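Undergrad: Before we start, here is the structure in question, set down as structure tokens.
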Amino acid sequence: MSQDHPYRRLQIPKDAPFELRPSSPGKGWGAFATRLIKQGDPVLIERPLFVIPKPSQYITDGDVFAAFQRLTPTAKQQFLLLRDNAGGPFESLNEALAENSLAMSANSGHGLFLLHSRFNHSCVPNAKIPETSGEIITMFAIRDIMAGEEITFCYKNDFECRTRRERHEALRFVCDCKACLLGTPFQQLSDIRRKFVRGLRYLTLGFDIDGKRQNSSSPIIADRKLKEAAENLSIPHCNRLIYQLLVSFLLEEEGLLDYLTRERLEPSMVIMPSLFETESNARIARIAMAEQTWLGKVQMAFRLYGRADAADELLSKAFRTLRGI
Ligand SMILES: [Zn+2]
């Protein structure tokens with residue numbers, strides 16, 4: 001039945017390390033590794049068929065039709081192979097775009113990606129698409145992927161801070177990855193870990209994942225004074241270090257501390273010990289950072305909890321200046 005499926009006619013690069021085929025029931029088709037893909041290797045480099053430089057709520061069928069009309073005959077044929085969750089044809093052009101596009105960080109528009117859109121979602125994925133300033137996007141393996149294994153990436157950037165229920169509301173389908181499988185200890189812990197990560201990020205950055213401060217009806221940080229200190233960027237440096245180490249530890253437990261996440265988090269963390277002005281604090285921070293594991297680092301750094309440092313005031317002022325507060 002799947003032998004004559006339209007996706008068989010999608011043009012995949014000759015050297016691609018994956019093939020498209022039906023996935024588990026309810027998930028349509030997916031992409032599966034055809035050979036071992038090592039961590040850090042590119043899985044797919046793709047240019048969008050077209051880009052519509054508008055936020056999704058303003059994109060109309062007319063926009064998509066105009067973009068379609070400008071395509072080459074071959075590209076038009078490729079676009080017409082797309083199917084709703086690999087099943088029937090789409091009811092509208094806009095729906096076809098919505099199901100097969102990725103947000104472009106460069107121009108806040110949406111690019112139609114024939115192949116990247118064939119990869120299924122997981123909240124604990126084995127591949128990732130880092131943000132890029134151009135139109136071409138690349139998916140990388142964030143761990144070794146064995147031949148035959150399905151290749152997945154996470155569809156939303158803020159899911160490391162979202163519980164299962166919140167993720168499913170955003171996805172509008174039910175994910176069955178290990179962080180979503182109800183009744184398992186991992187899933188229960190996963191919700192707690194991701195809530196914690198969200199709170200710790202709030203304490204460190206002073207705003208929530210939407211870039212805004214939480215209103216008083218459902219604060220991420222219930223302690224009013226602590227919330228104010230976070231928003232005022234006056235969290236003591238000792239606590240700030242502990243929060244950041246805890247985020248790394250929790251993400252590691254969650255299976256989300258891949259090399260790309262480490263590249264994002266580590267630069268600001270490694271300079272933190274050098275910012276202490278109280279030598280006894282700096283010494284503990286250095287010992288903590290020298291520990292081999294994230295748990296070891298967190299355990300050692302906890303000795304600093306609640307301590308003041310001579311650099312606190314100056315650092316808060318610097319953070320506020322940088323933020324323009
Ligand atoms: Zn999931």
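The values are calculated or read from the model by the stated rules, or taken from the named source; none is laboratory data. Bear in mind that the values here come from a model prediction, so they are computed numbers and not experimental data. In this analysis, Cβ positions are derived from the backbone assuming ideal geometry, glycine residues included, and neighbour counts consider all displayed protein chains.
Undergrad: If I go through the stretch 274-310 residue by residue, how many of them are free of Cβ contacts under 8 Å to residues at least 40 places away in the same chain and farther than 18 Å from residue 251 by Cα?
TA: Residues flagged as free of Cβ contacts under 8 Å to residues at least 40 places away in the same chain and farther than 18 Å from residue 251 by Cα within the stretch 274-310 amount to 15.
Undergrad: Out of the residues in the stretch 118-156 that are touching a residue at least 60 places away in the same chain (Cβ under 8 Å) and among the aromatic types (Phe, Trp, Tyr), state the one that is nearest to the ligand (Cβ to nearest atom).
TA: Among those that are touching a residue at least 60 places away in the same chain (Cβ under 8 Å) and among the aromatic types (Phe, Trp, Tyr), it is 119.
Undergrad: Taking the stated definitions as given, is residue 123 farther than 14 Å from residue 50 by Cβ, in contact with a Phe, Trp or Tyr (Cβ under 8 Å, 6 or more places away or on another chain) and surrounded by 19 or more Cβ atoms within 10 Å (Cβ to Cβ)?
TA: Yes: the conditions hold for residue 123.
Undergrad: Also: For the condition crowded, with 21+ Cβ neighbours inside 10 Å and within 17 Å of the chain's Cα centre (by Cα), what is the one hit in 137, 151, 145, 209?
TA: 151 is the lone residue from the list that is crowded, with 21+ Cβ neighbours inside 10 Å and within 17 Å of the chain's Cα centre (by Cα).
Undergrad: Here's another thing I want to ask about it. Of (1) closer than 28 Å to residue 57 by Cα; (2) of a type in the set (A, V, I, L, M); (3) within 15 Å of the ligand (Cβ to nearest atom), residue 115 satisfies all except one. Which?
TA: Of the numbered conditions (1) closer than 28 Å to residue 57 by Cα; (2) of a type in the set (A, V, I, L, M); (3) within 15 Å of the ligand (Cβ to nearest atom), the odd one out for residue 115 is (3).
Undergrad: Considering only the stretch 165-175, state which residues are surrounded by 15 or more Cβ atoms within 10 Å (Cβ to Cβ) and either free of Cβ contacts under 8 Å to residues at least 40 places away in the same chain or in contact with a Leu (Cβ under 8 Å, 6 or more places away or on another chain) (or both).
TA: Matches in the stretch 165-175: 166, 168.
Undergrad: Here are the criteria: (1) small (Gly, Ala, Ser); (2) crowded, with 18+ Cβ neighbours inside 10 Å; (3) modelled with pLDDT of 95 or more. Tell me which single one residue 234 does not satisfy.
TA: (2)
Undergrad: Kindly indicate whether residue 190 is over 30 Å from residue 89 (Cα atoms), within 11 Å of the ligand (Cβ to nearest atom) and buried (at least 20 other Cβ atoms within 10 Å of the Cβ).
TA: Criteria met by residue 190.
Undergrad: Could you list, in sequence order, all residues of the stretch 157-186 that are within 11 Å of the ligand (Cβ to nearest atom), part of a loop (DSSP other than H, G, I, E, B) and charged (D, E, K, R)?
TA: Hits for the stretch 157-186 are 162, 176, 178.
Undergrad: Considering (1) of a type in the set (S, T, N, Q); (2) farther than 19 Å from residue 139 by Cα; (3) at pLDDT 90 or above, say which one residue 39 fails and leave the rest.
TA: Of everything listed in (1) of a type in the set (S, T, N, Q); (2) farther than 19 Å from residue 139 by Cα; (3) at pLDDT 90 or above, residue 39 misses just condition (2).
Undergrad: Which of (1) modelled with pLDDT under 95; (2) in contact with an Asp or Glu (Cβ under 6 Å, 6 or more places away or on another chain) is the odd one out, the single condition residue 256 does not satisfy?
TA: The number of the failed condition is (1).
Undergrad: Right, here's the next one. Is it the case that the stretch 84-99 has a residue that's under 22 Å from residue 21 (Cβ atoms) and crowded, with 21+ Cβ neighbours inside 10 Å? It would help to see each step written out before you state the result.
TA: Taking the stretch 84-99 first, the residues under 22 Å from residue 21 (Cβ atoms) are 84-90, 96, 99.
Filter once more, so that each one left must be crowded, with 21+ Cβ neighbours inside 10 Å: 96.
Yes, there is a match, as at least one residue in the stretch 84-99 is under 22 Å from residue 21 (Cβ atoms) and crowded, with 21+ Cβ neighbours inside 10 Å.
Undergrad: Could you check the stretch 131-183 and list, in sequence order, the residues that are polar (S, T, N, Q) and under 20 Å from residue 197 (Cα atoms)?
TA: Once the filter is applied, which keeps residues that are polar (S, T, N, Q) and under 20 Å from residue 197 (Cα atoms), the stretch 131-183 yields 157, 163.
Undergrad: Residues of the stretch 255-309 being aliphatic (A, V, I, L, M) and under 26 Å from the mean Cα position of the chain (by Cα), which ones?
TA: 256, 257, 260, 265, 269, 270, 271, 272, 289, 295, 298
Undergrad: Between residues in the stretch 14-29 that are in the same structural domain as residue 43 (by TED's automatic domain parsing) and residues that are among the small types (Gly, Ala, Ser) and assigned to a loop (DSSP other than H, G, I, E, B), which pairs lie under 9 Å by C-beta distance while being six or more apart or on different chains?
TA: If the second residue must be among the small types (Gly, Ala, Ser) and assigned to a loop (DSSP other than H, G, I, E, B), the pairs left are 17/147; 22/28; 28/87; 29/23.
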